[in-house]
1. Right, GLN167: out of contact with any Gly (no Cβ under 6 Å at 6 or more places or on another chain) and modelled with pLDDT under 85 or not?
2. Any chance you could count how many residues in region 171-182 are under 18 Å from ALA108 (Cβ atoms) and either modelled with pLDDT under 90 or surrounded by fewer than 14 Cβ atoms within 10 Å (Cβ to Cβ) (or both)?
3. Can you report the number of residues in region 11-59 which are assigned to a loop (DSSP other than H, G, I, E, B) and on the phi < 0 side of the Ramachandran plot?
4. Give just the number: which of (1) farther than 27 Å from THR168 by Cβ; (2) modelled with pLDDT of 85 or more does SER83 not satisfy?
5. Among residues belonging to region 140-170 that are open to solvent by less than 10 Å² (accessible area, probe 1.4 Å) and more than 30 Å from SER250 (Cβ to Cβ), point out the one that is nearest to the chain's Cα centre (by Cα).
6. Scan region 235-251 for residues that are at pLDDT 85 or above and buried (at least 24 other Cβ atoms within 10 Å of the Cβ) and jot them down.
7. I'm trying to understand the selection: among the residues of region 183-193, which are assigned to a helix (DSSP H, G or I) and open to solvent by 60 Å² or more (accessible area, probe 1.4 Å)?
8. Got at least one residue in region 319-331 being in a strand (DSSP E or B) and either within 26 Å of PRO157 (Cα to Cα) or open to solvent by 50 Å² or more (accessible area, probe 1.4 Å) (or both)?
Amino acid sequence: MEHLEGVTRPQQYRALTLSTLAFTTCFAVWTIFSIIGVQIQRDLGLSETQFGILVATPILTGSISRIFLGIWTEQFGGRRVFSILMLITALCVFMLSYVETYAMFLVAALGVGLAGGSFIVGIAYTSYWFEKEKQGTALGIFGAGNAGAAVTNFAAPFLLLALGWEQTAVVYAIVLTVVAVGFWIFSKEDPLTRARRGQGGKGSSAREQLEPLRHLQVWRFALYYFFVFGAFVALASYLPRYYVGAYDVSIAVAGTLAALYTLPASVFRALGGWMSDRFGARAIMYLTFIASLVCLFFLSYPETSYIIQGKEGEIAFTMILPLWAVVILTVLLGFFMSLGKAAVYKHIPVYYPENVGSVGGLVGMIGGLGGFFLPILFGIVLDLTGIWTSSYMVLFVLVAVSLAWMHGAIRRMERQRVPELAEERYRYLPEIQEPAKQYAERRRTRQTEK
């Protein structure tokens with residue numbers, strides 16, 4: 001990469017540190033309704049569906065805005081876009097403290113949701129600082145900024161109890177403003193944007209940036225991200241309400257337990273980036289989907305009473321997953337989702353090195369929409385069935401469909417490129433096609449010898 005000539009390791013690490021800090025702060029703001037929303041629900045007497053819409057509304061803005069922010073980042077540079085975005089979001093968070101009606105809460109939540117769009121800005125900004133072979137690890141570290149959800153789940157309940165939700169919003173606005181100013185002062189323009197300006201060139205047009213979106217492959221990546229990120233955001237917002245309702249714990253305890261899920265679901269994204277560099281992103285996606293299916297199977301099982309006919313009469317017993325088991329399973333689920341999030345974004349700078357902003361923006365938008373639709377769906381299904389574990393049932397179906405679709409697509413792609421593999425139904429699926437071609441050649445040689 002010519003634009004990386006003269007870029008030193010300290011400059012790379014500085015850019016990575018600042019972008020990760022900024023993204024962590026933005027993510028904490030983005031999920032603020034997961035905590036203050038519980039108190040707002042009580043104050044306004046909202047139904048589960050209304051609560052789901054409230055916590056999902058910021059996700060909508062953060063998702064849809066990603067594709068536009070990705071294009072603007074390509075055109076104007078991540079340093080400028082990131083700083084302005086944080087300042088605008090801080091203003092929206094501050095205005096939240098003056099809202100009183102449910103309708104206005106939804107409007108304010110749209111503005112707060114801009115914080116979620118920071119993800120694609122940081123992805124593009126960070127990727128342009130690193131070589132291709134190190135981008136998976138770097139983007140994994142940056143993506144660990146999802147830990148901002150854990151920061152909110154840990155800290156916001158105590159701010160809520162001490163200051164009320166209005167002043168909690170003010171504190172968040174002040175912190176985000178400080179981070180925005182600090183980022184602008186201490187960060188530098190990414191090498192690719194600087195090189196373009198030095199040559200008198202401009203970033204690609206919006207039409208050129210959107211060109212790769214014609215490829216079905218991009219939309220496959222988006223579907224994977226719908227679960228690994230969208231479901232993560234949905235559960236980060238929904239789990240406090242779930243623990244309060246299903247297990248009758250306090251909001252402080254519920255926030256802490258939810259943080260135990262969001263923390264590994266965030267910080268291990270760096271590990272997922274390294275594993276994707278080392279073992280291949282496809283292998284990590286298989287690991288993510290299969291392990292998630294196992295976790296969600298047990299989490300989905302509702303409290304059930306059985307009566308069986310024994311030798312000496314009826315025997316009654318109840319099966320219920322205790323709170324400690326739910327917490328352990330959600331932590332494991334979060335861990336594997338974090339690996340999957342890194343694996344999805346490992347693909348993008350490799351396949352689309354000149355369109356990270358637009359392609360990453362679309363993938364992030366679709367994934368973020370999962371964070372919008374799923375909490376609403378959780379609330380609707382809960383209202384209809386009255387079963388607290390129904391949210392996990394929804395996710396179980398989603399993962400099963402995603403795994404089947406991914407496996408089928410990979411097999412079809414391999415049969416097209418190497419027809420000799422069509423008869424091989426049960427075998428390891430390589431990350432790249434070259435090993436498959438070598439395998440087919442060896443197979444043809446064996447058949448010839450026979």
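The values are calculated or read from the model by the stated rules, or taken from the named source; none is laboratory data. Small disclaimer: the values here were computed from a predicted structure and weren't measured. Methodologically, a virtual Cβ is constructed for each residue, glycine included, from the backbone with ideal geometry; neighbour enumeration extends over all protein chains shown. The protein model used for the area step is the full one, side chains on, heavy atoms only, and it has no ligands, DNA or RNA in it. Shrake-Rupley method; radii C 1.70, N 1.55, O 1.52, S 1.80 Å.
1. No.
2. Adding up the residues that qualify gives 1.
3. Number satisfying all stated conditions: 4.
4. Tallying (1) farther than 27 Å from THR168 by Cβ; (2) modelled with pLDDT of 85 or more, SER83 fails exactly one: (1).
5. The residue in question is GLY143.
6. Within region 235-251, LEU235, LEU239, TYR243 meet the criteria.
7. Listed by number, the residues that qualify are TRP184, ILE185, PHE186.
8. Yes, there is a match, as at least one residue in region 319-331 is in a strand (DSSP E or B) and either within 26 Å of PRO157 (Cα to Cα) or open to solvent by 50 Å² or more (accessible area, probe 1.4 Å) (or both).
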